[in-house]
Amino acid sequence: MKRTVFFILLFTACSIIAQEKITTNKAIINFEATVPFFEEIKAVNKSVMIILDPKASTFLCTVVMRDFHFKLDLMEEHFNQNYVESDRYPKAFFKGKIAKFDLKDIDETEKEYVIKGKLMIRGKYKEIAVKALLKKVYGGIQIKSDFPISIADFDIEIPNRIAAKIAKTVNTELNGVIGNDEMLLTLK
């Protein structure tokens, strides 16, 4: 009997802790490294995971590198094998703290926040500050963020013969709705 009560309490505690964070695994990252007058270099990843802990104002974004898709298979192959080495470095992530964040301030009007943290790509870390627009939408909190990523910061080497065809700074856009059933009740 004591063991049963213990497991029920443990399960309840884990459920409560899990509900404190709001998540999605369907956020989208678009990136573009196109240089004018050369072939378009764009990719999209539609299975980005985001975890927001409103109490701690922390934000975590995890990206599986192989989930970036290009319009040309050869670009995708080069991206995975030569540039990000996705077999060796399968994930990238950003973990940061949202300045002046309070869940009670989120409503239907977009508000700009700054998220300061560490971006990790190819095992290399870079401290960055990212501007993000947050607002309440059906299903949770919408987040939009545009930020540049310098390929040199992550030791991504581009062969000289094609270096002029690929931007040195990749324009990156994150877009998603993070939420859960608890979030829907809180935001009503």
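The values are calculated or read from the model by the stated rules, or taken from the named source; none is laboratory data. Being a predicted model, the structure only gives us computed values, none of them experimental. Here the Cβ is made from the backbone with ideal geometry for all residues, glycine too, and neighbour counts use every protein chain on show. Just so you know, the surface numbers come from the protein's heavy atoms only, side chains and all, with ligands and any DNA or RNA stripped out. Shrake-Rupley method; radii C 1.70, N 1.55, O 1.52, S 1.80 Å.
Open to solvent by less than 70 Å² (accessible area, probe 1.4 Å), in contact (Cβ under 8 Å) with a residue 40 or more places away in the chain, part of a strand (DSSP E or B) and not hydroxyl-bearing (Ser, Thr, Tyr): which single residue out of 133, 119, 174 fits that description?
On the way: 133 fails: in contact (Cβ under 8 Å) with a residue 40 or more places away in the chain; 119 fails: in contact (Cβ under 8 Å) with a residue 40 or more places away in the chain.
It is 174.
Looking only at strands (runs of 3 or more DSSP E) that lie completely in region 14-84, which have at least 1 residues being touching a residue at least 60 places away in the same chain (Cβ under 8 Å) and in contact with a Cys (Cβ under 6 Å, 6 or more places away or on another chain)?
Numbers: elements: 22-34, 42-53, 58-64.
Those strands (runs of 3 or more DSSP E) span 42-53.
For region 152-172, check the following and say yes or no: at least one residue is touching a helix residue (DSSP H, G or I) at 6+ places or on another chain (Cβ under 9 Å), hydroxyl-bearing (Ser, Thr, Tyr) and modelled with pLDDT of 90 or more.
yes
Which numbered condition trips up residue 147, out of (1) in contact (Cβ under 8 Å) with a residue 24 or more places away in the chain; (2) more than 28 Å from residue 37 (Cβ to Cβ); (3) surrounded by 14 or more Cβ atoms within 10 Å (Cβ to Cβ)?
(2)
Any chance region 97-108 includes a residue that's open to solvent by 50 Å² or more (accessible area, probe 1.4 Å), charged (D, E, K, R), free of Cβ contacts under 8 Å to residues at least 40 places away in the same chain and assigned to a strand (DSSP E or B)?
Within region 97-108, not a single residue is open to solvent by 50 Å² or more (accessible area, probe 1.4 Å), charged (D, E, K, R), free of Cβ contacts under 8 Å to residues at least 40 places away in the same chain and assigned to a strand (DSSP E or B).
Any residue at all in region 155-165 that's closer than 24 Å to residue 49 by Cβ and open to solvent by 80 Å² or more (accessible area, probe 1.4 Å)? Please lay out each step first, then the result.
Of region 155-165, the ones closer than 24 Å to residue 49 by Cβ are 156.
Filter once more, so that each one left must be open to solvent by 80 Å² or more (accessible area, probe 1.4 Å): none.
No, every residue in region 155-165 fails to be closer than 24 Å to residue 49 by Cβ and open to solvent by 80 Å² or more (accessible area, probe 1.4 Å).
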